[in-house]
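Novice: Pasting in a structure now, in structure tokens, and then I'll have a few things to ask.
The values are calculated or read from the model by the stated rules, or taken from the named source; none is laboratory data. The model shown is predicted, which means the values in this text are computed figures rather than measured ones. Glycine also receives a Cβ, built like all others from the backbone with ideal geometry; neighbour counts cover every protein chain displayed. For accessibility, only protein heavy atoms count, side chains too; no ligands or nucleic acids. Shrake-Rupley method; radii C 1.70, N 1.55, O 1.52, S 1.80 Å.
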Amino acid sequence: MTSRTDSPTTTSEPPAPGGGVEVRLVDLRRSYGSVHALDGLSLDLEPGELVALLGPSGCGKTTALRALAGLEELDSGTVMVDGKDTTRVSAHRRNMGMVFQAYSLFPNMTARDNVGYGLRLRRTAAAARRRRADELLELVGLGTHATRYPHQLSGGQQQRVALARALAIAPQVLLLDEPLSALDAKVRAQLRDEIRRVQREVGTTTLFVTHDQEEALAMADRVGVMSAGQLQQIAPPAELYERPRTAFVAEFVGLTNRIPGTATDGRAQVLGTAVPLLEGSATSGSVTVLVRPESIEVAPDEQGNGRVIAPTYLGSLGRVQVRLHDDSVVLAQVASHQATELTPGTPVRVTVRPTPVLAIA
Amino acid sequence: MAAVTRTRGSRWVLRWLVLVVVAIYLLLPLLAMVEFSTRGAGGTRSLDAWRGIGEDDDLVGSIVASVELAALTVVGMLVLLVPTMTWVHLRVPAMRRVVEFICLLPLTIPAIVLVVGVAPIYAWVTYLVGDSALTLTFVYVVLVLPYAYRAIDGGLGAIDIVTLSEAARSLGSSWFQVLVRVIIPNIRGALISASVVSIALVLGEFTIASLLNFDTVQVVINLLGKRNAGIAVAVSVAALLFAFVLLVVVAYLEPRRRDAQEDDTTAVPAPQEARS
Amino acid sequence: MTDMLAPAPARTRPTGSATRRGAGRRLTAYLGVLPFLAFVTVFLLWPTYIVVTGAFQDDLGRFTLSNIQAVVSGPAYLDSFLVSIGLSLVTAVLGAVFGALLAWAVAEGRPDGLLRRCVVAASGVLAQFGGVMLAFAFLATFGFNGFVTLLLADTLGIDPLSGGGWIYGFAGLAVVYTYFQIPLMLIVFLPALEGLKPQWREASDSLGGSGWAYWRHVGGPILAPGFAGAALLLFANAFSAYATAAALISQGSPLVPLQIRSALTSEVVLGQANVGKALALGMVIVVAVVMTLYALLQRRTSKWLR
């Protein structure tokens, strides 16, 4: 008999901060009528890792997170936490901390009581409960707000309390369901860094669901892009951005130009330049090449292949839209001084830098 | 998942137990009314009582009077409340609390109390306007104030009427045009529910009509109950059904509370924002 | 002095006239509310004033406490208050409990479902439309020739309800009143129940709480003020009700509204013309106290269930 503490313990001491555990989701399937919310999703989380699931509305990312929490039933598939099959364990025995989109704090309890709720259920002594709750409120920067009620806290503060509440039970896994989407842009960026700091500090394995690519890239160790209930690609942020595996990933994450070209021998001819192809590209014939704006160069040239339509000055950098002679439009990222020089109508030459690109048939 | 299923199961049983028990309590008297009103001589079924509805002149007259009364009350209520509430929203926000307090006041003044105070005033009303049941309109408008106020207030709260009216004014509308062309079309749903609540209240009102001695449908039904219970019960069933249908229709006219759920959230009603 | 001050009025004149115009406009703005105020003054405020002052006047309009005294010391009047309050209390509690259960059962279903729409519409009818017709419904069910009374007599040969006489007593009134209290509770309580956010349940679950823990620590405490408030509203509703009792009971006046009826309709006893107003005032006071408590509880709930 191994004595793992995978269910709520009934010790009188508050649980110690949980180290990271490994999580494996294997071939999860869930459909509502004819819609497949999860269509064979498999995903592994390393101990202590923060993985973001990124995707458009309805791609199944929230269903995946709720399935891990035990709030959603699965048609088939296996959920393994710390090497144990927890597929059939009900939500309140899974010991997972969850932070919801918004409004999840119990309105009838103070911040301290909210944070202490999980410990109260575990019959932790009142004094220890209070100590631990205050400790966690301190951790999220709300040490002085312990006696406030949710309606007396701002949206950002409420989400901090929700994070503290989720962490108070020293969860095996931390689940974040778009915790920032209901907040103002400024608070969002601030809380984003805050969550990452706290997560590093406690080292809890974390699954984070978002539709905001910037959030995902900024916070996660690895980002999984989902579409139609399936994982398109999972990789560290830089790799995901620079070496997208599918057209969906290339276009969902960051900006992309679709430019026609021809592929031969692992290279593509695009706007007169031979560019190396990424793994998974179409390798021969006429292809569409997906090129990032920052891989496109624009230089004034009377004999060029296009004319500037609209420059955009963005402060630290600039973007220029150019209409090519074949009437297609490309977007290029340029230095900000260039954005002011390339006035509409300027004839320019557009070329592609030889960074690896994805080509599709 | 086994545990989940079991608790769902027991909840399901409890839910339907409650629904069935309460449904029996609420439906039994209604079924009894149907049974009672279709009794014939010697244990047979007969529709005589139902046919009798149309043949009783007092009853028909009172139904006509009550329907007219309902229509007048709706008109009076709308004319009194819509311009006033719009005006207060736009120009005298300081009066909002006062108007709200007055409109909700009839909730704390039972009809039986109102009739005590209003009886002396009705001596004057009949002297000035005449001794018609339709004069009840005045006191019925007061009676429906709280319900109509809430409905219209909800409608006005749901649209930004300050911006709307400023936009209309900047395009050259007069105040009256703002009211008729901009405000009213935008709170049509609220006006419909305010009207329906008023109609139901007027058609069901007994206390004031009976104690001021006007023959509305409820007063006549009550008298009829002592003379020919069959007809009285038959009219009651018809009236209850009529009110029910009216309210179901209104429920379908109201805008849907939540949009069709997204595939990701089918199990749980979406909160404020759509999930992924 | 004059010289020094001279420029000042010149400078302030535009502001001054603007203020005056502003005041004028504000006055016109208030005039817009005048028709409404005039109407409610005549048909709501004045009648209320008549009741309140009449309670303290004798037949000739002089100040007196004898009406109040008559109500407080006359056993029939005092009893009617006790019976009215008792009936309201019993039916408010029964209505609140069963109405809340019904609201829960309805809220579990789809928010757009047919069941929900039908139950809500039927509740609207039964709670606010019934009156006289509900009295007939119960006479047709449990009266001397009522459906259930006959059914029991015919099929079982028994008459446990002693021929239907009970329907005219306290028990009968309680059953009929509860009949319209349950639907009213549903209408009032359903929004509060639907204000419970699914995230609260899920948060409680994920923190290790069972269904019981959720209701005990979260759902129950959140709903408690709303439930109590709704029960108070039910109390006021039963206390104010007249039509059902009037249709059911034509002899004797066990309830305050029926006492008022006889005060209004029977021959006026000398010196007692305004006792009806004193009774009415008593009703207003009871209802006003209850409704104030209701409003306070509502405010608490709305803060939580924003």
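Novice: With contacts defined as alpha carbon pairs under 8 Å and 6 or more residues apart, what's the relative contact order of region A:23-242 in percent? Intermediate results must be reported in sequence, preceding the final value.
Specialist: Details: 438 pairs, mean separation 65.8, N = 220.
Worked out over region A:23-242, it gives 30 percent.
Novice: Quick check: with the 1.4 Å probe, what order do B:Trp16, C:Trp304, C:Trp212 take by accessible area, largest first?
Specialist: Values: B:Trp16 100, C:Trp304 30, C:Trp212 180 Å².
The most accessible residue leads, giving C:Trp212, B:Trp16, C:Trp304.
Novice: Here is a further query. What share of the DSSP beta bridges in chain A is antiparallel, in percent to the nearest 5? Walk me through the numbers on the way to the answer.
Specialist: Working: 57 of 76 bridges.
Of all bridge pairs located within chain A, approximately 75 percent are antiparallel.
Novice: What lysines could a cross-link reach from C:Lys197, if we take a straight Cα to Cα line under 25 Å and drop same-chain neighbours fewer than 8 places away?
Specialist: The qualifying lysines are A:Lys61, C:Lys303.
Novice: Roughly how compact is chain B, stated as its Cα Rg over 2.2 N^0.38 Å to two decimals?
Specialist: 1.29
Novice: In addition: How much of C:Tyr49 can a 1.4 Å solvent probe reach, expressed as accessible area in Å² and rounded to 10?
Specialist: 140 Å²
Novice: Follow-up question, since we're still on this one. Between B:Val249 and B:Trp12, what's the calculated FRET efficiency when r is the beta-carbon distance and R0 is 45 Å? Round to 0.05.
Specialist: Values: r = 31 Å, r/R0 = 0.68.
That pair, B:Val249 with B:Trp12, gives E of 0.90.
Novice: Can you tell me the dipole magnitude for region A:23-242 around its Cα centre, using point charges on the Cβ only (Lys, Arg +1; Asp, Glu -1), in Debye to the nearest 20?
Specialist: Values: 27 positive and 26 negative charges, 243 e Å.
Using only the charged Cβ atoms, the result is roughly 1160 debye.
Novice: Sketch the reach of a paramagnetic label on A:Tyr32 as a point 7 Å from Cα along Cα-to-Cβ, and name the residues of region A:54-92 whose backbone nitrogen lies under 19 Å away.
Specialist: A:54-76
Novice: For C:Ser302 paired with C:Val52, estimate the spin-label separation in nm (one decimal), with each label point 7 Å from Cα along the Cα-to-Cβ line.
Specialist: 2.4 nm
Novice: Then there is this: Treating only the Cα positions of chain C as identical point scatterers, give the base-10 log of I(q)/I(0) from the Debye formula at each q in 0.11, 0.13, 0.15 Å⁻¹.
Specialist: -0.88, -1.07, -1.22
Novice: Right, here's the next one. Given H placed on each backbone N at 1.01 Å, which residues far from A:Tyr32 in sequence or on other chains put an amide H within less than 5 Å of it?
Specialist: A:Ala37
Novice: Right, next: Give the aspartates and glutamates whose C-alpha is closer than 14 Å to that of C:Lys277, dropping any in the same chain fewer than 8 places away, or say none.
Specialist: C:Asp58, C:Asp59
Novice: With no solvent and one point on each alpha carbon, what is the Debye value of log10 I(q)/I(0) for region B:12-144 at q = 0.19 Å⁻¹?
Specialist: -1.10
Novice: Students often forget the sequence filter, so: which aspartates and glutamates lie under 15 Å Cα-Cα from B:Lys226 once same-chain residues fewer than 8 apart are removed?
Specialist: The reachable aspartates and glutamates, counting only those whose Cα sits under 15 Å from B:Lys226, are B:Asp56, B:Asp58.
Novice: What is the Cα coordinate range of region A:307-361 on the first, second and third principal axes, sorted by size from largest, in whole angstrom?
Specialist: 36, 25, 14
Novice: What nm distance separates the two modelled labels at B:Asp57 and C:Thr155, each placed 7 Å from Cα along Cα→Cβ?
Specialist: Each label point is offset 7 Å from its Cα along the Cβ direction, giving 4.4 nm.
Novice: If you don't mind, there's one more thing I want to ask. Let's test the formula: R0 of 41 Å, r as the Cβ-Cβ distance of C:Asn145 and C:Leu60. What FRET efficiency results, to the nearest 0.05? Provide the component values of the computation, followed by the final result.
Specialist: Working: r = 50 Å, r/R0 = 1.22.
That pair, C:Asn145 with C:Leu60, gives E of 0.25.
Novice: Another question, if that's okay. Long-range amide H contacts for A:Met98: which residues qualify at under 5 Å (H placed 1.01 Å from N, peptide plane, sequence gap of 5 or more or a different chain)?
Specialist: For A:Met98, whose amide H was placed from the backbone, the distant partners under 5 Å are A:Leu175.
Novice: Whole number please: convex hull volume per residue, Cα atoms of region A:23-242, in Å³. Intermediate results must be reported in sequence, preceding the final value.
Specialist: Working: hull volume 26.4 nm³, N = 220.
Convex hull volume per residue, Cα atoms: 120 Å³.
Novice: So, one more: Compute the distribution of all C-alpha to C-alpha distances in region A:255-360, in bins of 10 Å from 0, and list the percent of pairs in each, rounded to whole numbers.
Specialist: Histogram of Cα-Cα distances, whole percents per bin: 17, 46, 28, 9, 0.
Novice: Right, next: With N residues in the protein assembly as shown, what two-decimal value do you get for its Cα radius of gyration over 2.2 N^0.38 Å?
Specialist: Values: Rg = 36.0 Å, N = 943, 2.2 N^0.38 = 29.7 Å.
Normalised Cα radius of gyration, the protein assembly as shown: 1.21.
Novice: Restricting attention to region A:251-329, which GluC sites (Glu not before Pro) occupy a DSSP loop and are surrounded by at most 14 other Cβ atoms within 10 Å? Spell out each step's value before the answer.
Specialist: Details: sites: A:Glu251, A:Glu279, A:Glu294, A:Glu297, A:Glu302; in loops: A:Glu279, A:Glu302.
Those satisfying the criteria are A:Glu279, A:Glu302.
Novice: Just going by the charge dipole of the protein assembly as shown, with Lys and Arg at +1 and Asp and Glu at -1 on Cβ, which of A:Gly306, A:Pro47, C:Asn145 is farthest out on the positive end?
Specialist: With unit charges placed on the Cβ atoms, the residue in question is A:Pro47.
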